[in-house]
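Undergrad: Here you go, one structure.
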Amino acid sequence: MLTLIAAQRVPMRAAPTYLPLILLPLALFGIFFHWQILDVTNIGWLLRGSDNGENALGLHAWLHDPSPGFLRTALLGAPEGTGLLFTDSNPLLAVLAFPLRGILPADTQLIGWWILACLFLQVLFAWLLLRRHAPNGLALWCGVLLLAALPTLFNRFVHVNLMAHWLILWALWRFDDPERSASNRGWAALIAITALIHSYLLVMVGAIWASAMLERLWKDRAAAPRLIVQGLAMIAMVAAIAWSLGVFEPHRPSGNYGAFAMPLDALWNPGVDTYSTFLPAIEQRPGRGFEGFQYLGLGLLILLPGAAIAVRRLPRPAPDASGSLARYSWLLPALIVLTLLAISTYPDFAGRMLPRWQLPQDVADALDAVRASGRLFWPVAYVAVLAALRIAFRLPERMAGLALLAVTMVQIADLAPMARAIRSQTIEAGIAPRYLRTPAPEWDRLIERAHGIAFIPAEVTKDLGLFQEIAWRAAKAQVAVRSVYVARASPQSAARQEQETARFRAGEIVPGRLYILIDGEPIPPPLIDKVRPLDGITIAFEPVVNPSSSPR
């Protein structure tokens, strides 16, 4: 905050413009997270049944796989294998890390560094969007903080791929300039990178790109043939990336589109008691409070209506002027569609169900790809905040800086408990043992002797923390685990795991395969003599008579 005040005292051109680009991301990281998560060998805080644990596990297995596929590993969900995309891992990060696998420690996690990188890029693109419009340094850096640090960004900490909100800001930065917006070359790079990070972000960025192409087509109809060819090429590129990631492989539809939608009161309802200093939290129904979380913070809830009132009284730039927001009207169709998808046909308000509209089954199945639809409102929120800041920049210079400073102070005060609550979730990084559930050294010796590991029942979500610890040890030993937790289940893999569970319950086990019993699984009478506890976990293991006869 001292940097922001200092910027007010120095003329805009003489201000130390680039210093906050370094200090602000570092400050946000230190406020919301423990620095120990940057230790790449610090894995204990991750293997606790979280999505981040799955993220780290998928990359870990791929880096240790002796014969890895393209962004696919056979060490999880063997023998079919698993694409990294469906383990909640980050395919882009995997591509960057793979050339370094020979020098990376055996126990490597990159979650902390990904978070830090996302914060740096978030601040950078917020600055790029605002720097040409701010009347002074104070207004600029208050605006950057307000735009870069939306509560929805930090709420995604438990699934860090989705902390790449900078992709949305990057798309808006491209859209903001007519020349950049018209060039598909730059859009291609952005969309390719987005496709390698997360499909939901791809939908959001794709909506902004489609809006840019719609504007260009309307204003330059002679370019229609070229734009159509470029658009088809872009779609083909995305399809090729999706194919390489296994998206087109058969998957079971979840059938629950709308279960994770955005409640109608999400913008002003923190949903969690510890997420706001000033506003009361009304508990949302299960599935809505997290995926549908869209709380803006009291500072922005003051800024948005204030800007809406002020815009009628402030001078309005010419439609083609740099400060004009007229071009953003081309985003309205996409933002309306994203909002409708986010709310879905199953609306809620203040934790209560409103009337529902049943979708045809074919439509519901088609929307299964965006079943966590509440996320899709993110671009709408960013555009609203960006527009409000640009309007505030039209105030007299001193008034703009002081007004945004006041809004920023309210926002910081309101979100302080949210920062403490999120930071507490990484406290284990400084104190946690590596393996909380499986501390015995015997696990490593047992896993190295095994020719595969199976969980009974195969639904490892019943004890995901245990699965992650054992699967982590197994991947390091290059021993395949036959079970896996994935975002989209393969019918073939699911059927095979059900058959293996049925055979175990009938008293049949495969020699050399280590069986882990979870969820109170009863021991079949024929196997009573072949099971034993280890760290309180029931296991079954029958050594292979001829160890060379069974592949690992």
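Undergrad: Size of the dipole of the stretch 442-549 about the Cα centre, Lys and Arg at +1 and Asp and Glu at -1 on the beta carbon, nothing else charged, in debye to 20? Please list the in-between numbers first.
TA: Numbers: 13 positive and 14 negative charges, 58 e Å.
For the stretch 442-549, the charge dipole is close to 280 debye.
Undergrad: Separate question: What does the extension gain come out to for L534 and R434, with contour length at 0.36 nm per residue minus their alpha carbon separation? Could you put the intermediate results ahead of the total?
TA: Numbers: separation 100, 0.36 × 100 = 36.00 nm, distance 1.71 nm.
Separation in residues times 0.36 nm, less the Cα-Cα distance, equals 34.3 nm.
Undergrad: Which of A266, W243, F290 sits closest to the plus end of the dipole of the chain, meaning its Cα is farthest towards the positive end, when Lys and Arg get +1 and Asp and Glu get -1 on the C-beta?
TA: So the residue furthest toward the plus end is A266.
Undergrad: Compute the separation of the alpha-carbon centres of the stretch 471-504 and the stretch 334-364 and state it in Å as a whole number.
TA: Result: 34 Å between the Cα centres.
Undergrad: May I ask you to compute the full-extension gain from A321 to A222, defined as 0.36 nm times their residue separation minus their alpha-carbon distance, rounded to one decimal in nm? Mind dumping the intermediate values first?
TA: Numbers: separation 99, 0.36 × 99 = 35.64 nm, distance 2.48 nm.
Stretched out fully, the A321 to A222 stretch lengthens by 33.2 nm.
Undergrad: Could you check the simple spin-label distance between R180 and L104, using points 7 Å along Cα→Cβ, in nm with one decimal?
TA: 3.0 nm
Undergrad: Now for a different question. With a sphere of radius 12 Å drawn around the Cβ of F125, what net charge do the other residues whose Cβ falls strictly inside it have (Lys, Arg +1; Asp, Glu -1)? Intermediate results must be reported in sequence, preceding the final value.
TA: Details: positive: R131, R174; negative: D176.
Taking every other residue near F125 into account, the sum is +1.
Undergrad: While we're here: For helix 224-244, what angle does its Cα long axis make with the longest principal axis of the chain, in degrees from 0 to 90 and rounded to 10?
TA: 30 degrees
Undergrad: Next up: Let me know the charge dipole size of the chain about its Cα centre in debye, to the nearest 20, where only the beta-carbon of Lys, Arg (+1) and Asp, Glu (-1) is charged.
TA: For the chain, the charge dipole is close to 1620 debye.
Undergrad: Taking the Cβ of L389 as the center, what net charge do the other residues with Cβ under 13 Å away carry, scoring Lys and Arg +1 and Asp and Glu -1?
TA: So the environment of L389 carries a net charge of +3.
Undergrad: Turning to a different aspect of this structure: Could you state the angle between the C-alpha long axis of helix 332-343 and the longest principal axis of the C-alpha atoms of the chain, as a value from 0 to 90 degrees rounded to the nearest 10?
TA: Helix 332-343 and the main axis of the chain meet at about 40 degrees.
Undergrad: Still on this structure: Do any chymotrypsin sites (Phe, Trp or Tyr not before Pro) in the stretch 176-279 lie in a DSSP loop with no more than 14 other beta carbon atoms within 10 Å, and if so, which?
TA: On the way: sites: W187, Y200, W209, W218, W243, F248, Y257, F260, W268, Y275, F278; in loops: F248, Y257, F260, W268, F278.
Within the stretch 176-279, the qualifying chymotrypsin sites (Phe, Trp or Tyr not before Pro) (loop, at most 14 other Cβ atoms within 10 Å) are F248, F278.
Undergrad: Cα to Cα, under 27 Å, and not fewer than 8 places away if on the same chain: which lysines meet these conditions relative to K476?
TA: Of all the lysines, those that pass the test against K476 - Cα under 27 Å, at least 8 places apart if same chain - are K462, K530.
Undergrad: Let me ask something else about it. Applying the Karplus parametrisation 6.51 cos²θ - 1.76 cosθ + 1.60 with θ = phi - 60° to the phi angles of the stretch 346-356, what ³J(HN,Hα) value in whole Hz is obtained for each residue in order, glycine and proline being reported as x?
TA: 10, x, 10, 8, 6, x, 10, 6, 9, x, 9
Undergrad: Could you compute how fast the stretch 497-541 diffuses translationally, taking Rh as the Kirkwood radius over C-alpha pairs and applying Stokes-Einstein at 25 °C with viscosity 0.890 mPa s? Give it in µm² per second.
TA: Numbers: Rh = 10.7 Å.
D, rounded to a whole number, is 229 µm²/s.
Undergrad: Could I ask something else about it? What FRET efficiency comes out for Y18 versus K462 if R0 is 60 angstrom and r is the Cβ-Cβ distance? Round to the nearest 0.05. Walk me through the numbers on the way to the answer.
TA: On the way: r = 50 Å, r/R0 = 0.84.
The value I calculate is 0.75.
Undergrad: Under a point-charge model restricted to the Cβ atoms of Lys and Arg (+1) and Asp and Glu (-1), what is the dipole moment magnitude of the stretch 281-367 relative to its Cα centre, in debye to the nearest 20?
TA: Details: 8 positive and 6 negative charges, 93 e Å.
Computed about the Cα centre, the dipole is about 440 debye.
Undergrad: What angle do you read, to the nearest 10 degrees and between 0 and 90, between the alpha-carbon axis of helix 137-148 and the longest principal axis of the chain?
TA: With both axes taken from Cα atoms, the answer is about 40 degrees.
Undergrad: In nm, give the distance between the simple-model label positions of V311 and V337, each being 7 Å from the Cα along the Cα-to-Cβ direction.
TA: Result: 2.2 nm between the two label points.
Undergrad: Take every DSSP beta bridge with both residues inside the chain and express the antiparallel ones as a percent of the total, to the nearest 5. Walk me through the numbers on the way to the answer.
TA: Numbers: 11 of 17 bridges.
Antiparallel bridges make up about 65 percent of those DSSP assigns within the chain.
Undergrad: With runs of 4+ DSSP H residues as the only contributors, calculate the mean residue ellipticity of the chain at 222 nm using -39,500 (n - 2.57) per run, divided by the residue total and rounded to the nearest 500. Can you show the working numbers first?
TA: On the way: 21 runs with 264 residues, N = 552.
So the calculated ellipticity at 222 nm is -15000 deg cm²/dmol.
Undergrad: I would also like to ask the following. With label points built 7 Å along Cα→Cβ from the Cα atoms of S67 and L402, find their separation and express it in nm.
TA: About 7.3 nm, to one decimal.
Undergrad: Give, as ranges by residue number, the residues of the stretch 448-471 whose backbone N falls under 13 Å from the point 7 Å along Cα→Cβ of E498.
TA: 458-459
No lab work stands behind these numbers, since they all come straight from the coordinates. Computed from a predicted model, the values in this text were never measured in an experiment. Note that we place each Cβ from the backbone using ideal geometry, even for glycine, and neighbour counts take in every protein chain shown.
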